[in-house]
1. Per residue, how much accessible area does the chain have with a 1.4 Å probe, in Å²?
2. Against the 2.2 N^0.38 Å scaling, with N counting residues, where does segment 68-176 land? I'd like the Cα-based Rg ratio to two decimal places.
3. Could you check the simple spin-label distance between residue 151 and residue 182, using points 7 Å along Cα→Cβ, in nm with one decimal?
4. If the viscosity is 1.306 mPa s and the temperature 10 °C, what translational diffusion coefficient in µm²/s does Stokes-Einstein give for the chain when Rh comes from Kirkwood over Cα pairs?
5. Add -39500 (n - 2.57) for each DSSP H run of 4 or more in the chain, then divide by its residues: what number comes out at 222 nm, to the nearest 500 deg cm²/dmol?
6. Tell me which aspartates and glutamates have Cα within less than 14 Å of residue 30's Cα, excluding those fewer than 8 residues away on the same chain?
7. How big is the shadow of the Cα convex hull of segment 1-85, averaged over all directions, in nm²?
8. Please list 126-134, 153-161, 199-207 highest first by mean number of surrounding beta-carbon atoms within 10 Å per residue.
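The values are calculated or read from the model by the stated rules, or taken from the named source; none is laboratory data. These numbers come from a predicted model, not from an experiment. Cβ: placed from backbone, ideal geometry, glycine included. Neighbour counts: every protein chain shown. Just so you know, the surface numbers come from the protein's heavy atoms only, side chains and all, with ligands and any DNA or RNA stripped out. Shrake-Rupley method; radii C 1.70, N 1.55, O 1.52, S 1.80 Å.
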Amino acid sequence: QYKLWILMLKQYKEKYDKGELTDSLLIIPKSQIDQFFGYENAKHEIQNDLEALRKEPIIFNVLNKDGEKEQHGLGFISEWTLSATRIGFLLPTYIAEAVQKLESARIFSLLNLSIFNHFSGKYEALLYKLCADYVGIKRTPEMTIEAYREYMGLKPGEYEAGRDLNKFIIQAPVDKINKSEICDIQVEPVYKRLGRKIVGVHFKIEQKKQASLPFPSDPA
């Protein structure tokens, strides 16, 4: 679902930059989705993914110019359509405006979608995206464990024990990234501890030569 959403954002940004946006839903051919994922997606599975993206809530607080506080609520997409050959989608206004304000579609070219999609697990894909955003300065910002849990999409009760969190949500994704022949970066977790307890983490990042796909390096 997350990968599908990234593909939608990329499609929206490309249409916006070319001045091709209309009031109707944006269309992605199903063949393009199948090519991106590397296999033919069953229609009912795409339907479930689209509905999950529509229903998953994003809720945040806003301080208006008049000083009044209010909450905003939206989904990752607002509407969707699905046929045997294509999907249609509409982004919520707030997300669409955020994508429009990106200086260019370069964010999507720097995040090499072939590598991103190569990871079959959710956590290594998320960690790869995080580290790819900061490869130019060779480290991510330090995150509290609570912030890292939220970034990884963990729910209350999931991997509450520090040992399990480190093993499955930090070290396992790191190992998969570092052992991947196609991946273009090497990462290393650096822990902040309070006594023996891990209270924060950031990741050191180094570019590495790929064994499979010789993408050019980029200083960004």
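1. On a per-residue basis, 62 Å².
2. Taking the Cα Rg and dividing by 2.2 N^0.38 Å, one obtains 1.31.
3. Going from the residue 151 label point to the residue 182 one covers 2.3 nm.
4. Approximately 82 µm²/s, per Stokes-Einstein.
5. Computed ellipticity for the chain at 222 nm equals -11000 deg cm²/dmol.
6. 40, 45, 49
7. 7.0 nm²
8. Most protected by this proxy first, the peptides run 126-134, 199-207, 153-161.
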